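> Input: one structure, supplied below.
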Amino acid sequence: MVEKSELLNVPAFADLPDDQIAWFIGQSEELHLKGGETYIREGDPADAMFIVLEGQMQGRGEIGGETVVFSMKPGDVTGVLPFSRMKQFPINARAVTDARVLRFPASLFPNLVQKMPELTQRLVGLMSDRIRETTRMEQQRDRLASLGKLSAGLAHELNNPASAAKRATSQLRDVLKRIRDASHELGSRDLTPAQKSEIEKLETSFVQHDEVPRDALTISDLEDQIDSLLRSHGQTDLWQMAADLARKNVKPEALELLFATLDPDTARAALVRIAASVEVATLLNEIESGTSRISDLVLAIKEYTFMDQSPLQNVNIVKSLETTLTILNHKLKRGVVVQRDYERIPLLVNSFGSELNQVWTNIIDNAIDAMGGKGELRVRTYREDSCVVVEIADNGPGILPEIQPHIFEPFFTTKGVGEGTGLGLDTVQRIVKKHRGNIQVTSKPGDTRFQVRLPLAEPLA
């Protein structure tokens, strides 16, 4: 038999009148559970509220696709609560140790509201806390999921130039060996100062030659001409050299000078060194390009996260947008054309910078998904009175009219199970409001536009 004092020790029931406590006990069922015994099963009708009196309990269920395990102790209230819209239990709950639980039927909630209004108010507060905690967990999961997708994309973006630089470095070792061997061969020959000067002059001009043939057909024709020239001078096994020189747009006439001033073997050694030097220059350009791309990405990541910067600062909206576009390039480059229309005068907003980047990321990421990864993304900024307006538009299929009023609601999503939590645009709206701004959307097939209005920056103290 449950004593009144036991229930009064439960925080939700503390200080309630004795007659109300007696009524509640009279309508409840006391359950004696053995360790390991289940008293709530996932999918069963949500038909009761439970108050833990003795023992330790454990619940396990899925929230947003993630398995969550939580403990319950004496004094905790679980199960369905008054005014909850829960129809089925979303978790399994069992006794970890021998336990006593008080079960109150949900069918008596109308009576509970009338007879115990103060308890009802406390239980509603408890339900609000439960919703807030669930929302917090969902938001955390959403952030982690977004971070995971961005990290995967950035890893791919960083891997490409890193792999190219590594490949070029590996090739560079072989090319330098060819240069060393060819230089040794030339050094063993009795060359006149004029011949040495001609070789060095030709090598320098080829290395510094940046003009590239415009198309593959031109390269192929040039390769045939160089190969024919080499064969005419007895060099029948330098076809790869012919291809390398053709890609650098080297003219056959320039090579003819070597054969005019040098014997065939010396000319061959000079050609090997010159071609290798040209290849070194090409490989160094690839390494420089790859490492520059890595450096640009690292800088974009630092700007995106506002690493090493104060949290609140005047943020250049265009720079913020461009940083976000750089971070999302791994998705954009697959078929999305970005059209930019930026206000020429810098527009600054007092902002927690990384939060604004989260706004642009969520909107642009949704636009890319809506277009199926292929289409036109339009990004526009302009000034409107004392506000900055950022408009992000896409030419996807649009948002259905009956859905538009709900897109900013927490947990609302049109994506498939496991593809979205429904918190992306809810997060966007919360951040925009935090910055004293507003967000509007208009949509029809081929033209969906999100407009974010933010107050122009005031001088920071």
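The values are calculated or read from the model by the stated rules, or taken from the named source; none is laboratory data. Everything quoted here is computed from the prediction, not taken from an experiment. Cβ atoms come from the backbone with ideal geometry, glycine included; neighbour counts cover every protein chain shown. Ligands, DNA and RNA are stripped out before the accessible areas are found, and what is left, the full protein with its side chains, is counted by its heavy atoms. Shrake-Rupley method; radii C 1.70, N 1.55, O 1.52, S 1.80 Å.
> Suppose we filter segment 395-425 for residues that are modelled with pLDDT under 75 and charged (D, E, K, R); how many remain?
Final tally of qualifying residues: 2.
> Would you pick out the residues in segment 47-87 that are surrounded by fewer than 18 Cβ atoms within 10 Å (Cβ to Cβ) and either of a type in the set (A, V, I, L, M) or modelled with pLDDT of 95 or more (or both)?
Across segment 47-87, the qualifying residues are ILE63, VAL68, VAL69, MET86.
> Within segment 243-268, track down each residue that is of a type in the set (S, T, N, Q) and either open to solvent by 70 Å² or more (accessible area, probe 1.4 Å) or in a helix (DSSP H, G or I) (or both).
Matches in segment 243-268: THR261, THR266.
> Which condition number in (1) at pLDDT below 85; (2) in contact with a helix residue (DSSP H, G or I) (Cβ under 7 Å, 6 or more places away or on another chain); (3) open to solvent by less than 80 Å² (accessible area, probe 1.4 Å) is the one that SER320 fails?
(1)
> Out of (1) under 18 Å from ILE199 (Cα atoms); (2) without any contact (Cβ under 8 Å) to a residue 12 or more places away in the chain; (3) not polar (S, T, N, Q), what's the single condition that is false for ALA269?
The number of the failed condition is (2).
> Would you confirm whether or not segment 23-45 contains a residue that is among the small types (Gly, Ala, Ser), at pLDDT 90 or above and open to solvent by less than 20 Å² (accessible area, probe 1.4 Å)?
no
> Condition (residue is within 30 Å of ALA269 (Cβ to Cβ), at pLDDT 85 or above, of a type in the set (Ser, Thr, Tyr) and part of a helix (DSSP H, G or I)) applied to segment 153-169: is it met by at least one residue?
Yes, segment 153-169 contains at least one residue that is within 30 Å of ALA269 (Cβ to Cβ), at pLDDT 85 or above, of a type in the set (Ser, Thr, Tyr) and part of a helix (DSSP H, G or I).
> When you go through (1) closer than 21 Å to LEU312 by Cβ; (2) open to solvent by 40 Å² or more (accessible area, probe 1.4 Å); (3) modelled with pLDDT of 90 or more one by one for ARG383, which number turns out not to apply?
Here ARG383 clears every test but (1).
> Yes or no: segment 290-304 includes at least one residue that is modelled with pLDDT of 85 or more, of a type outside the set (Val, Ile, Thr), open to solvent by less than 70 Å² (accessible area, probe 1.4 Å) and in a helix (DSSP H, G or I).
No.
> Out of the residues in segment 229-242 that are surrounded by fewer than 16 Cβ atoms within 10 Å (Cβ to Cβ) and under 53 Å from the mean Cα position of the chain (by Cα), which is nearest to ALA269 (Cα to Cα)?
ASP237
> On to the next question. Name the single residue, out of those in segment 78-102 being β-branched (Val, Ile, Thr) and either within 39 Å of the chain's Cα centre (by Cα) or in a loop (DSSP other than H, G, I, E, B) (or both), that is farthest from GLN56 (Cα to Cα).
Here the residue is VAL80.
> Look at GLU376 and say whether it is closer than 22 Å to THR442 by Cα and part of a strand (DSSP E or B).
Yes.
> Cβ-Cβ below 8 Å, separation at least six or inter-chain, first residue in segment 433-452 and over 11 Å from ALA393 (Cα atoms), second of a type in the set (S, T, N, Q) and open to solvent by less than 30 Å² (accessible area, probe 1.4 Å): which pairs?
Pairs that qualify, where the first residue is over 11 Å from ALA393 (Cα atoms) and the partner is of a type in the set (S, T, N, Q) and open to solvent by less than 30 Å² (accessible area, probe 1.4 Å), are HIS435/SER351.
> Further question: Give the residues of segment 273-282 that are crowded, with 20+ Cβ neighbours inside 10 Å and aliphatic (A, V, I, L, M), sorted by residue number.
Within segment 273-282, ILE274, ALA275, ALA276, VAL278 meet the criteria.
> Now, a different point. For segment 384-408, enumerate the residues that are in a loop (DSSP other than H, G, I, E, B) and aliphatic (A, V, I, L, M).
Matches in segment 384-408: ILE399, LEU400, ILE403, ILE407.
> Between a residue in segment 323-337 that is at positive phi and any residue that is open to solvent by 40 Å² or more (accessible area, probe 1.4 Å) and outside any helix (DSSP H, G or I), which pairs come within a Cβ distance under 6 Å, given they are 6 or more apart or on different chains?
Matching pairs, first to second residue: GLY335/LYS374.
> Please state which one of GLY35, GLY43 is within 20 Å of ASP98 (Cβ to Cβ) and assigned to a loop (DSSP other than H, G, I, E, B).
GLY35
> Could you list, in sequence order, all residues of segment 88-122 that are among the small types (Gly, Ala, Ser) and in contact with a Gly (Cβ under 7 Å, 6 or more places away or on another chain)?
Of everything in segment 88-122, those that are among the small types (Gly, Ala, Ser) and in contact with a Gly (Cβ under 7 Å, 6 or more places away or on another chain) turn out to be ALA93, ALA95, ALA99.
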